[in-house]
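Trainee: Supplied in structure tokens, the structure appears directly below.
Values in this text are rule-based calculations from the coordinates and carry no lab data. Everything quoted here is computed from the prediction, not taken from an experiment. Cβ placement follows ideal geometry from the backbone for every residue including glycine, while neighbour counts extend to all protein chains displayed.
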Amino acid sequence: MASSTPFSSRPFPKTICMFDVDGTLSLARQAATVEMIETLKKLKEQCTIAFVGGSDLVKISEQISVHGIDAVQFFDFAFAENGLTAYKLGQPLASESFIKFVGEERYKPLVNFILHYIADLDIPMKRGTFVEFRNGMINVSPIGRNASIQERLDFQAYDKIHKIRSTFVDILKEKFADYGLTFSIGGQISFDVFPAGWDKTYSLNHIAGEGFTDIHFFGDHTYKGGNDYEIYEDSRTIGHAVTKPEDTIKILNELFLSGKK
Ligand code: M1P
């Protein structure tokens with residue numbers, strides 16, 4: 001059970017800080033540092049805090065349920081899969097699902113096409129789990145989600161030159177134009193596929209009735225096409241672009257933890 005000071009009793013009662021995970025709270029697919037967790041503990045004494053990651057909860061937990069905290073219990077709001085898996089004070093909130101939206105009959109041709117396309121791709125390395133089926137999206141990876149950290153970095157560098165993911169996305173956008181889907185390249189080896197509008201702004205629906213006037217969002221993929229873009233640009237949020245977790249800590253210190261707002 002999550003226990004914490006009520007939002008309204010914190011020094012910034014109408015402020016919430018929302019954080020992307022990869023590249024913002026921790027390096028991609030790696031654990032957050034002690035310094036980050038300590039900073040978040042101090043921040044939580046000042047205002048409400050939330051994470052809003054594109055990944056599923058299992059992966060996010062591997063990265064930020066560390067150094068003695070359980071992320072779902074510790075963060076006031078926990079949003080995985082852009083908020084399609086959501087918790088408030090450790091308790092689950094209702095959400096929609098990708099498969100309900102798309103329907104089995106329309107999903108089959110989509111996933112079949114994706115798997116055929118990947119099978120025909122000539123890239124230096126393939127591992128396993130090319131499509132990961134999640135509650136709010138599917139995640140598609142040409143190299144496969146079982147890639148090691150080094151293999152991820154190698155693929156990322158290869159993809160920068162050969163545009164494997166963006167070419168794939170362009171083809172899917174054209175072929176499945178009538179599906180109402182968004183294709184978002186947010187990480188190193190994959191892209192997410194979800195119904196239009198189910199980007200990270202979806203998580204804002206869960207906090208809409210909470211009376212927050214200052215919604216700070218921190219993310220590293222804030223450019224057009226990045227998976228933080230929509231929420232970063234949204235008129236309801238105050239966006240902070242970072243390039244690494246140290247930037248996040250620096251901004252938090254300046255805004256909330258050094259006596260300055
Ligand atoms: O959080 C950003 C992305 O992280 C992972 O991407 P990748 O494995 O390509 O680095 C995925 O979990 C993806 O869904 C998520 O958007």
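Trainee: Apply the Karplus parameterisation 6.51 cos²θ - 1.76 cosθ + 1.60, with θ equal to phi minus 60°, to every residue of segment 63-80 and state each ³J(HN,Hα) to the nearest whole Hz, in sequence, with x for glycine and proline.
Mentor: Result, ordered by residue: 8, 10, 8, 9, 6, x, 10, 10, 4, 5, 7, 6, 6, 4, 10, 10, 10, 9 Hz.
Trainee: So what J values fall out for segment 82-95 if you push phi through Karplus, 6.51 cos²θ - 1.76 cosθ + 1.60 with θ = phi - 60°, rounded to Hz, Gly and Pro as x?
Mentor: Karplus-based 3J(HN,Hα) across segment 82-95 equals 6, x, 6, 10, 9, 9, 10, 6, x, 9, x, 10, 5, 8 Hz.
Trainee: What list do you get for S141, S166, S8 if you sort them by fewest beta carbons within 10 Å? Kindly include the intermediate steps, with their values, before the conclusion.
Mentor: Details: S141 24, S166 14, S8 10.
In increasing order of surrounding Cβ atoms, one gets S8, S166, S141.
Trainee: What whole-number volume per residue, in cubic angstrom, does the convex hull of the C-alpha atoms of segment 1-147 give?
Mentor: Working: hull volume 17.2 nm³, N = 147.
Spelled out: Cα convex hull of segment 1-147, divided by residues, is 117 Å³.
Trainee: For segment 1-57, would you read off the P(r) tail past 13 Å as a percentage of all alpha carbon pairs?
Mentor: Values: 1024 of 1596 pairs.
The calculated P(r) of segment 1-57 puts 64 percent of pairs beyond 13 Å.
Trainee: For helix 104-120, what angle does its Cα long axis make with the longest principal axis of the chain, in degrees from 0 to 90 and rounded to 10?
Mentor: On a 0 to 90 degree scale, this one is about 70.
Trainee: Under 5 Å between amide H atoms, partner at least 5 residues away or on a different chain: which partners does L181 have, H built in plane at 1.01 Å?
Mentor: Long-range HN contacts for L181: A196.
Trainee: Additional query: Report the Rg/Rh value for the chain, based on alpha-carbon coordinates and the Kirkwood definition of Rh. Let's see the in-between values first.
Mentor: Working: Rg = 18.4 Å, Rh = 18.9 Å.
Ratio value, two decimals: 0.98.
Trainee: For segment 124-133, in order, what is each residue's ³J(HN,Hα) by Karplus, 6.51 cos²θ - 1.76 cosθ + 1.60 with θ = phi - 60°, in whole Hz (x at glycine and Pro)?
Mentor: Values per residue, Gly and Pro as x: x, 8, 10, 10, x, 6, 8, 10, 10, 8 Hz.
Trainee: Alpha carbon centre of segment 113-158 versus segment 40-59: separation in Å?
Mentor: 28 Å
Trainee: Oh, and also: Which one, D228, D178, D170, has the greatest fluctuation when you compute a Gaussian network model over the chain with C-alpha springs under 10 angstrom?
Mentor: D178
Trainee: Mind listing the long-range amide H neighbours of F75? Cut-off is under 5 Å, sequence gap 5 or more, other chains count too, H placed in the peptide plane at 1.01 Å from N.
Mentor: Residues meeting the amide H criterion: none.
Trainee: What is the Cα radius of gyration of segment 111-152 over 2.2 N^0.38 Å, N being its residue count?
Mentor: 1.16
Trainee: Report, please, the projected area of segment 69-177 averaged over directions, based on the convex hull of its C-alpha atoms, in nm².
Mentor: Projected over every direction and averaged, the Cα hull of segment 69-177 covers 8.5 nm².
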